Every structure is written in structure tokens, then in C-alpha cells.
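Taking it in order: structure first as C-alpha cells, then the write-up.
Any read-out appearing in this document is the output of simple, stated calculations on the displayed coordinates, not a laboratory observation. Everything numeric here is computed off the predicted structure, so don't read it as measured data. Cβ sites come from the backbone with ideal geometry, for glycine too, and all protein chains shown count toward neighbours.
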């Protein structure tokens, strides 16, 4: 009987030891899992903005994301070129008008034309064309100013339509990527024969990334486009006011 109790006691001690060992192993495994998750979160938080942007760009797929990026690069290139051109075309209209008036009073038409030749910008070019026809009559000078004003407006608005094209094209490409990503997600579900969240999440993630990048590109280009249009309107208003002032100067000079 004593031997039986001894065997039972040893068996109980071995069972308790096994349970403790399993519990320790489970606790260690859980701790390692929590530590791994914490390290992954820390690594994700350590990503800089550019690294995170690059990661999202790669996840979105090189096809549509590359085309959207190309729209951004071309749109920004045209916008920067137009901004530089418009800033160089801006003229101090009041100062130019005063200089032309002084030249007319002191040296006549030729002196005024020389002032316009030495001044950059569309306003000076319009003044020159009007002064060049001033020897004929006021109507000829006015027609020359109106005609050359249209030419200058065309120069100011050159390539601006391409920016509006890229503004419309970027989100459309993003939406197309969204539709294709959804189709791919449903194809994977159909092939797997099961509605697994991981299959749906991948396709939807790609779809949403292309849409987001397309909208970001459109927003950036829209800001530049509105600035360029406002700048063009400002220069055109100056051209119209200067043209009226030039006609008044020529009428007074003819008298």
C-alpha cells in the first residue's frame, strides 16, 4: 500500500511539473509575440515621411502610380515655366506710361518707341505696335493695339491647357486603378472559393492608394493652375488699361 501511495505521489508531482512547464512556455511565447508586435509598431513609427510615401507608392503598383507620377512631373514642369514667364512679363505699367508720355512730349513718336524697345513685357510690346501705326491715324493704331493684344494673350496662355489636362487625368487614372484593384480582389476571391479578409484587403488597399495619389496630384496642380490664371488675368487687365491710356496719349499728341 505504501508503495502505491508513493507511486501516486510521484505521478502527481510529475503532472504538476509538466503543467508548470507548459504554462511557462506559453507565457514566454506570448511575451515574445507581444515583443515582436511592439518592435514592428516601433519600426513602423520610425519610418520617415519620405520612406512611408515610398512604401505606399510601391504598394500601389508601378503601373498606374508611375503614370500618375508622370502627370505630376509634367504638370509641375509646365507650371513652373509659366510662373517664371509670367513674372518676367509683369511690367510697372504706370511707370512705363509716364516714360512714354514724357518721351512723346520731348522727342515725339520715335523717342517713345525707343522707350518701349528698351522695356520688356507685353504692355511695352503693345505700346510699340500702337506707336508704330500712329503716323497713319488713330484708328489704325487702335486696330494694331487690339490685334497685337490678342497675340500677347495667346503667349500668356501658352501650355496652360496642358495643366488642366493633367488635373483631370490624374484622378481619372486613380479611379481606374481603383476599379482594376477591385476586379483583382474579386478574382482572387473567386479563385480561392472563400471570402477571406486577407484576399479582399490587398486589392482594396491597392485601389485606395491609386485614388489617393491621383487626388493629391490633382490638388497640387490645381493650386498652381489657379495662381497662373490669376496672374494672367492681372496682366491682361494691365494691358487693357494701358491700351486705353495709350490711345488717349496719341490723341493728345496729334492735337
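By per-residue mean of other Cβ atoms within 10 Å, what is the highest-first order of 182-191, 114-123?
Working: 182-191: 13.7, 114-123: 17.7.
In descending order of packing, they fall as 114-123, 182-191.
Sorting check: for 204-214, 153-163, which peptide has the highest mean count of neighbouring beta carbons within 10 Å, and how do the rest follow?
Details: 204-214: 21.0, 153-163: 14.3.
Going by the mean number of other Cβ atoms within 10 Å, highest first, we get 204-214, 153-163.
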